[in-house]
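Have a look at the structure below, then the notes.
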Amino acid sequence: MKKIIALVCVALFAGTAAATAPAVPKGFLLYEKDAAKKDKDPETNWKISNSPKTPLEVNPCRKTAPGGAGRTVARTVRFIGVPDFMKVEQVILYNSPAAARKAVAQLRAALSACRSTTGSGSGYRYVSAPVTGLGDEALRVSGQVYYGKAVGVGGERSVLVRKGDAVLVYVRAGEYFKPATRDWTDQLRDARAMTSKICLIATCE
């Protein structure tokens, strides 16, 4: 009888843990609806990953991605259009707001440590700036090809937001030229939309 009671208690505990475990509901991300559509174009591709190990999409140092520790769940939706366009939506939940803050701090450090790389006559530079009034903290990041002091064609424009224990990333990459404010219009719109509802699944401060 004691064994039966113990097994019931274990089952109830497991059920409660499963019910309260954080998760990203299917269809929660903004791009998932488009990703679910059948696409017969051979030059476009959607991919969804639910792996918490997927590197942070803003990753200037490449070899060691920031913000890998303390994750509980994540979802990344990626669109690639041949030959030169990509957009990414990423939502990551951490085990605490402190862990999420640490992830953003690591990204800031990486943007400083790896702000510029060179090779084969060209370079790639990262520049970041804070975004006010968005989440608990937010960054606008540009990555851009350079040839000496001259701007080349090719780069990425990202917006990263932390809200409580959640980190949100919106990236677009393609044939960007000199960074301009309008380059972040879509990413900021998406980031605001997700920030407005992320507390449905995240622990917000």
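The values are calculated or read from the model by the stated rules, or taken from the named source; none is laboratory data. Bear in mind that the values here come from a model prediction, so they are computed numbers and not experimental data. Here Cβ is always computed from backbone atoms with ideal geometry, including for glycine, and neighbour counts include all displayed protein chains. These area figures cover heavy atoms from the full protein model, side chains too; ligands, DNA and RNA do not enter into them. Shrake-Rupley method; radii C 1.70, N 1.55, O 1.52, S 1.80 Å.
Out of all the residues in the stretch 95-102, is one or more at positive phi, out of contact with any Ser or Thr (no Cβ under 9 Å at 6 or more places or on another chain) and either open to solvent by 30 Å² or more (accessible area, probe 1.4 Å) or touching a residue at least 40 places away in the same chain (Cβ under 8 Å) (or both)? The answer is no; no qualifying residue exists. Within the stretch 66-94, restricting attention to residues that are under 12 Å from the mean Cα position of the chain (by Cα) and not in a strand (DSSP E or B), the residue that is surrounded by the most Cβ atoms within 10 Å (Cβ to Cβ) is Gly67. For the stretch 107-160, the set of residues classified as open to solvent by less than 50 Å² (accessible area, probe 1.4 Å), farther than 22 Å from Lys87 by Cα and among the hydroxyl-bearing types (Ser, Thr, Tyr) consists of Ser122 only.
Taking the criterion of being surrounded by fewer than 16 Cβ atoms within 10 Å (Cβ to Cβ) and under 21 Å from Leu29 (Cα atoms), the residues of the stretch 53-65 that qualify are Lys53, Pro55. The residues of the stretch 161-205 that are open to solvent by less than 30 Å² (accessible area, probe 1.4 Å), of a type in the set (Ser, Thr, Tyr) and in a helix (DSSP H, G or I) amount to a single one, Thr195. Would you confirm, using the coordinates I've provided, whether Asp41 is in contact (Cβ under 8 Å) with a residue 12 or more places away in the chain and out of contact with any His (no Cβ under 7 Å at 6 or more places or on another chain)? Answer is no for this residue. Filter the stretch 103-141 for residues that are among the charged types (D, E, K, R) and touching a residue at least 60 places away in the same chain (Cβ under 8 Å) and give the result. Asp136 - this is the single residue of the stretch 103-141 that is among the charged types (D, E, K, R) and touching a residue at least 60 places away in the same chain (Cβ under 8 Å).
Selection of the stretch 58-110 for residues being polar (S, T, N, Q), within 21 Å of Asp186 (Cα to Cα) and in contact with a Phe, Trp or Tyr (Cβ under 9 Å, 6 or more places away or on another chain) yields only Gln90.
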